[in-house]
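Visitor: The structure's right below; bear with me while I get my questions together.
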Amino acid sequence: MSSRSVYLICYDVSCPHRLRQVHQFLLGYKTGGQKSFFECWLTSQELRTVRVRLAELIDQTEDRVHIFQLDPRMKPDCFGIAVTMAVNTPFIVI
């Protein structure tokens, strides 16, 4: 079993059609987030798949995607109704 690491994937896509494609694709990997910021727990193979597919979906001259690996040991600051997902919270990636 491969271990998972937490990533924050952020995107800014200028074309509504491509934006919808990127959003729909990332819904299959996200465990949290909102709008164009998704928290994803990925294996190294899933990360490779995400990178390749996002590169195919976006226009390299107009769109932006950032993938940040986060340190799961750090506690996030949550305000308002924001909640954090514990490392051991079960989830399914389909």
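The values are calculated or read from the model by the stated rules, or taken from the named source; none is laboratory data. Keep in mind it's a predicted model, so treat the numbers as computed, not measured. Here the Cβ is made from the backbone with ideal geometry for all residues, glycine too, and neighbour counts use every protein chain on show.
Visitor: When the range 1-25 is examined, which residues are found to be more than 17 Å from ASP59 (Cβ to Cβ) and of a type in the set (A, V, I, L, M)?
Guide: MET1, VAL6, LEU8, ILE9
Visitor: Another question, if that's okay. Starting from the range 2-21, take each residue that is at negative phi and list its partners that are part of a helix (DSSP H, G or I) and polar (S, T, N, Q), counting only C-beta distances under 7 angstrom and pairs at least six apart or across chains.
Guide: SER2/SER44; SER2/GLN45
Visitor: Does the range 32-42 include one or more residues that are modelled with pLDDT of 95 or more and aliphatic (A, V, I, L, M)?
Guide: no
Visitor: Considering the range 34-69 alone, what residues qualify as being of a type in the set (A, V, I, L, M, F, W, C), surrounded by 14 or more Cβ atoms within 10 Å (Cβ to Cβ) and under 16 Å from SER5 (Cα atoms)?
Guide: Hits for the range 34-69 are PHE38, CYS40, TRP41, LEU42, LEU47, VAL50, ILE67.
Visitor: Further question: Residue by residue through the range 16-26, note down the ones that are in contact with a helix residue (DSSP H, G or I) (Cβ under 9 Å, 6 or more places away or on another chain) and either surrounded by fewer than 18 Cβ atoms within 10 Å (Cβ to Cβ) or of a type outside the set (A, V, I, L, M, F, W, C) (or both). Even if it seems obvious, please write down each step before you answer.
Guide: Here is the first cut: in the range 16-26, the residues in contact with a helix residue (DSSP H, G or I) (Cβ under 9 Å, 6 or more places away or on another chain) are 18, 21-22, 25-26.
Once the filter is applied, which keeps residues that are in contact with a helix residue (DSSP H, G or I) (Cβ under 9 Å, 6 or more places away or on another chain) and either surrounded by fewer than 18 Cβ atoms within 10 Å (Cβ to Cβ) or of a type outside the set (A, V, I, L, M, F, W, C) (or both), the range 16-26 yields ARG18, GLN21, PHE25.
Visitor: Return yes or no: is ASP77 of a type in the set (Asp, Glu) and modelled with pLDDT of 95 or more? Show your work before the answer.
Guide: Working: of a type in the set (Asp, Glu): yes; modelled with pLDDT of 95 or more: no.
No, not satisfied.
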